[in-house]
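A.B. asks: The following block contains the structure, expressed as structure tokens.
Only the coordinates and a few stated rules stand behind these numbers; no lab work does. Treat the numbers as computed from the prediction; the structure is a model and nothing was measured. When we count neighbours, we look across all protein chains shown, and the Cβ atoms used for this are built from the backbone with ideal geometry, even at glycine.
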Amino acid sequence: MPMTMEFGYSEEGSLKNITFQGLNGSEFTGNIKSALDLLKIENPVRVFKDRVKAGEFDCMMDDGYNRILSEVEFVSSLWRYPDAGEGEPRQGELNVLMLLANTIEAASRLHAIISSEGTACGGMDDDENCSLL
């Protein structure tokens, strides 16, 4: 069973307070492959869909809901294998190393886009003050 990514939302609609639920510390792994199989994280779009069905967003304005939906869809896009072709569905779960690699690649692409537009870090020129976090 994969771990579940739990998350809240900021006022801007971004995801925050991200935690992972599912391991209890008694799991045994005999090799790296079994450890990575154990360290799979479920695509957060599943949690989001469950929250929508439960009515969590019923009282929210459409604009706020759409911002959160956009963030969940972006984060969900990380649940893909590097060799996945255009239009292939996202994975329902993925191991932590693959997610880390995808996240670093996405952060690097975003930084390159922001830098090329000359708007990096709110107009600051030095990377010392530039951070995604």
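A.B. asks: Report the gain in length on full extension from V47 to R90: 0.36 nm times residue separation, minus Cα-Cα distance, nm rounded to one decimal.
C.D. replies: 14.0 nm
A.B. asks: Now for a separate question. I want to make sure I understand the PRE zone here: with the label point 7 angstrom from the Cα of Y81 toward its beta carbon, which residues in the range 41-72 have backbone N atoms less than 18 Å away?
C.D. replies: 41-43
A.B. asks: Can I ask one more? At R0 = 30 Å, how high is the FRET efficiency between E56 and F20 if r is their beta carbon distance? Nearest 0.05 is fine.
C.D. replies: 0.90
A.B. asks: Quick one: which residues, 5+ away or cross-chain, put their amide H under 5 Å from the amide H of K40? H built at 1.01 Å from N.
C.D. replies: M3
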